Amino acid sequence: MSAAQAARSILTRLHEVMASRLHPQGKLNQVVDVIGEALDSEVCSIYLLREGALELFATRGLAQEAVHVTRMAVGEGLTGTIAANVETLNLAEATAHPEFQYRPETGEDKFHSFAGVPIVRRERAVGVLTVQHVDPRRYEEVEIEALQTVAMVLAEMIDNAGLVDAEDAGGGAALSEPDQLSGLTLVKGLGAGIAVFHQPRIKIEHIVAEDTEAERQRVYLAFDKMREQIDQMASQAEFGVDGEHEAVLETYKMFAYDEGWSRRINEAIDSGLTAEAAIERVQQRTRMRMREIDDALLADRMHDLEDLANRLLRIVSGQIGTAASAGLRDDTILIARNLGPAELLEYDKRRLKGVILEEGSLTAHVVIVARAMGVPVLGRVRNARSQIREGNLLLLDADQGVVTARPSPSLIEAFEQRSAKSRQRQAGYAKLRDVEPFSRDGTRIMVMMNAGLRDDIPNLNLTGADGIGLFRTEFQFLVSAAMPQRDRQTRLYRDVLDAADPRPVIFRTVDIGGDKSLPYLRSEHSENDENPAMGWRALRLALEREGLLKVQARALLEASAGRTLNVMFPMVSEPWEFDAARAVFEGQLAFLRRQKKKLPSAIRYGVMLEVPALAEQLDLLMPKIGFLSIGTNDLTQFLFAADRANPKLAERYDWVSPSILRFIHRVVVATAGQEVDVTVCGEMGGRRLEALALLGIGIRRLSITPAGVGPIKELVRKVDLEEIGAAMNGWLASPPPDMRRALEDWAGERNIEID
Ligand code: PEP
Ligand code: MG
């Protein structure tokens with residue numbers, strides 16, 4: 001008999017048992033009979049997890065008095081070992097196994113051969129199905145396969161009948177304990193909440209197929225669709241991580257077209273499973289195999305295969321959509337491998353207490369968006385999706401770079417104390433709201449904030465920032481399903497100006513492209529971009545799609561009627577690009593003048609310095625512009641040739657490395673004494689140690705994330721600019737082995753907090 005036939009005949013009979021009107025215990029009693037007979041085994045038993053221990057729930061062949069009496073801990077004996085390791089055991093001589101334990105009440109001493117498979121729910125064992133035989137023989141592969149398939153059906157039945165405690169089912173053996181996972185702090189902050197997966201697990205409703213041919217057809221179509229999606233993705237930067245996009249995609253392709261995978265799913269369908277159950281069954285088997293191989297590279301590939309299997313499941317079951325569309329609970333901590341900025345913006349920020357990513361890097365746009373939303377983010381948490389269960393209570397401490405899953409009461413209490421302290425500190429910053437940031441030696445530092453959404457505006461008053469030094473206009477485009485029309489743009493810009501008045505707002509024209517791709521704005525350029533961050537993006541795109549820039553120029557000019565318009569262009573690489581962009585604005589201005597519309601009282605044009613090449617032509621650019629804003633996020637990635645969104649490079653290059661500091665210092669020197677404001681508006685300026693270094697090299701204007709305004713004001717008030725300037729001069733001339741350390745020591749000696 002083939003594995004498929006063996007499983008199929010058992011499944012058909014199990015299906016009858018499950019459809020019967022018997023109560024759950026009656027069903028289990030019948031199940032052990034069906035399996036025992038089919039596998040010609042004297043013994044068949046089912047152990048289920050109850051109150052943390054494995055309890056004998058039904059048996060054919062062992063003493064009936066042992067039912068609901070024999071209990072063993074997870075990890076204890078053969079059955080406990082199977083549950084603990086979520087692995088199959090197949091032994092000709094059970095007593096020869098080192099973990100063997102004899103239970104006299106069961107009367108099992110006469111049996112020699114033993115096979116057992118875990119009953120798995122959400123990747124954890126909630127029970128064990130065993131067969132035993134008097135003759136010492138190893139069970140054949142087909143029999144083991146049949147047992148594993150049956151165990152899957154049992155898992156479903158057990159779940160439906162509520163035979164396993166919710167706690168046991170949710171956490172399983174290894175996931176009921178508190179567990180601390182560490183990662184990289186991407187956005188600081190503390191948050192407690194319930195784990196919600198960005199891509200929810202698919203609930204498999206039916207396990208046993210009514211019509212095998214129809215199931216085969218469903219999988220066939222789903223594979224087709226999935227391959228189509230993967231092929232499309234190659235041109236769409238769907239993952240929001242450009243650098244590793246390519247590698248992931250290659251792996252996806254390899255799996256999507258892997259004949260072995262689709263064949264195994266078809267075999268599982270032959271054994272009587274539905275399409276969904278067959279995909280899950282094959283996935284379970286792969287997971288078990290992979291667990292035996294301890295190889296980090298393979299583990300990564302396993303992630304990819306999991307993603308793909310989930311995609312296939314979503315297609316086949318028609319359950320598409322993310323947790324954002326499912327109605328969030330009030331205290332959600334979102335778990336994802338990675339997110340794009342637009343995906344995060346779909347969530348209601350009031351309900352998000354934190355985000356945990358398996359990937360992520362400090363300057364990825366999704367992180368910038370989260371920072372703007374005030375949501376703490378912990379990135380690079382390896383295996384977050386397998387170590388954390390949907391519904392787990394999580395304590396996220398992004399300040400310390402850790403998250404605790406399933407915390408004990410004492411951990412919860414300690415966390416609450418930390419939260420209270422953190423709130424106190426925040427209250428301290430709030431007191432600085434109306435205090436002007438003068439340095440100790442009396443220089444007024446401009447501390448502005450970055451923004452991009454209507455929701456960000458209240459932060460101006462909450463933080464007491466000096467204005468908006470970078471308004472990322474593309475965020476409005478990112479949150480819209482279609483291109484925002486001119487009147488919507490005008491309204492947003494006018495509202496921002498009204499709220500900020502009299503403080504200045506610097507609008508940056510759209511920086512679309514790279515990881516900020518828009519589904520409704522694609523072209524053959526972006527589709528063919530192998531490296532979108534250095535590709536058809538920002539001003540390059542805007543100058544070519546002149547219509548887009550014209551509409552935005554009109555909206556900005558009209559919104560600024562009677563006031564000063566500050567506008568800056570992103571990703572300028574050569575002065576002529578600035579001229580071309582300015583010409584678009586001047587053209588619109590002339591048009592409005594002809595229309596006798598009210599014009600801005602003044603227009604100040606500026607440029608973002610984020611492409612290093614521009615620094616070599618500053619002398620040509622300076623006479624043309626009113627201000628310059630150094631975008632250290634992009635500048636760093638271009639200086640180091642290190643993709644800002646690539647998690648593998650996230651910690652490799654330091655913002656306070658001599659290369660970056662010398663580069664910015666050179667710009668400060670080149671612009672000194674001219675009528676051009678120089679600001680740093682990258683993420684680095686919002687971090688105290690980095691800001692200290694910037695003050696030391698002569699930066700006097702910062703535009704930073706709103707949460708950074710309080711801490712940076714506090715820092716400024718403690719620093720003597722001349723002193724840090726002298727220290728920095730020395731360090732730039734002859735860099736210390738560890739610049740970060742040098743800055744820390746300098747601040748430590750003066751009791752200046754910089755973390
Ligand atoms: C930067 O590149 O530093 C910057 C501020 O712009 P963005 O992060 O939006 O690319
Ligand atoms: Mg940039």
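The values are calculated or read from the model by the stated rules, or taken from the named source; none is laboratory data. Just so we're clear, the structure is a prediction, and the values are computed from it rather than from any experiment. Every residue, glycine as well, gets a Cβ built from its backbone with ideal geometry; the counts of neighbours run over all protein chains shown. These area figures cover heavy atoms from the full protein model, side chains too; ligands, DNA and RNA do not enter into them. Shrake-Rupley method; radii C 1.70, N 1.55, O 1.52, S 1.80 Å.
For the reader, a short list of remarks on this structure follows.
- Each label was represented as a point 7 Å from its Cα along the Cα-to-Cβ direction; for residue 418 and residue 675 these points are 5.3 nm apart.
- Cβ-defined net charge surrounding residue 101, 13 Å radius [Lys, Arg +1; Asp, Glu -1]: -3
- Surface composition of the chain: carbon and sulfur atoms hold 49% of the protein heavy-atom accessible area at a 1.4 Å probe.
- Fully extended contour minus Cα-Cα distance, from residue 87 to residue 480, at 0.36 nm per residue: 136.7 nm
- As computed over region 642-755, the Cα convex hull volume per residue (Å³): 120
- Using 0.36 nm per residue and subtracting the Cα-Cα separation, the extra length available between residue 137 and residue 290 on full extension is 52.4 nm.
- Accessible surface, the chain, averaged per residue in Å² (probe 1.4 Å): 41
- With 20 Å bins from 0: P(r) over region 431-749, alpha-carbon pairs, percent: 32, 59, 9, 0
- Approximate spin-label separation residue 613-residue 194, in nm, with each point projected 7 Å along Cα-to-Cβ: 5.3
- Cβ-derived FRET efficiency at R0 60 Å, residue 231 paired with residue 503, nearest 0.05: 0.75
- Packing-based ranking of 613-625, 697-709 yields 697-709, 613-625, ordered from highest to lowest mean Cβ neighbour count within 10 Å.
- Pairwise FRET efficiency - residue 161 versus residue 462, Cβ, R0 = 35 Å, nearest 0.05: 0.10
- You can think of it this way: the chain between residue 436 and residue 213 has 72.9 nm of extra reach, that is 0.36 nm per residue less the Cα-Cα gap.
- Angle in degrees between helix 24-38 and the longest Cα principal axis of the chain, rounded to the nearest 10: 70
- Against the chain, whose longest principal axis is taken from its Cα atoms, helix 575-594 shows a tilt of about 70°.
- Rh (Kirkwood; distinct C-alpha pairs) - region 355-475, Å: 17.0
- Between residue 495 and residue 64, the distance separating the two model label sites (each 7 Å from Cα on the Cα→Cβ line) works out to 7.2 nm.
- Hypothetical label at residue 564: residues of region 673-709 whose amide nitrogen lies under 11 Å (7 Å Cα-Cβ projection): 677
- Efficiency of FRET from Cβ geometry, residue 653 and residue 224, R₀ 60 Å, rounded to 0.05: 0.90
- Pairs from 550/598; 188/516; 353/421; 431/648 whose Cα-Cα separation, in the structure shown, is over 28 Å: 431/648
- Placing a label point 7 Å from the Cα of residue 349 along the Cα-to-Cβ direction, the residues of region 184-216 with a backbone N closer than 17 Å are 186-191.
- Excluding exposed DSSP-loop chymotrypsin sites (Phe, Trp or Tyr not before Pro) (at most 15 other C-beta within 10 Å), longest clean stretch of the chain: 258-519
- Just so you know, the Rg over Rh for region 3-170 is 0.92, from Cα atoms, with Rh as the Kirkwood radius.
- For the chain, the longest principal axis of the Cα atoms and the long axis of helix 721-733 meet at an angle of about 70 degrees.
- Square roots of five times the Cα gyration tensor eigenvalues for region 582-652, Å: 36, 15, 9
- Of the GluC sites (Glu not before Pro) in region 7-67, those whose Cβ has at most 12 other Cβ within 10 Å and which sit in DSSP loop: 51
- Only DSSP H runs of four or more residues enter the estimate; each adds -39500 (n - 2.57), and after division by the residues of the chain the mean residue ellipticity at 222 nm equals -14500 deg cm²/dmol.
- Kirkwood-based Rg to Rh ratio, the chain, C-alpha trace: 1.07
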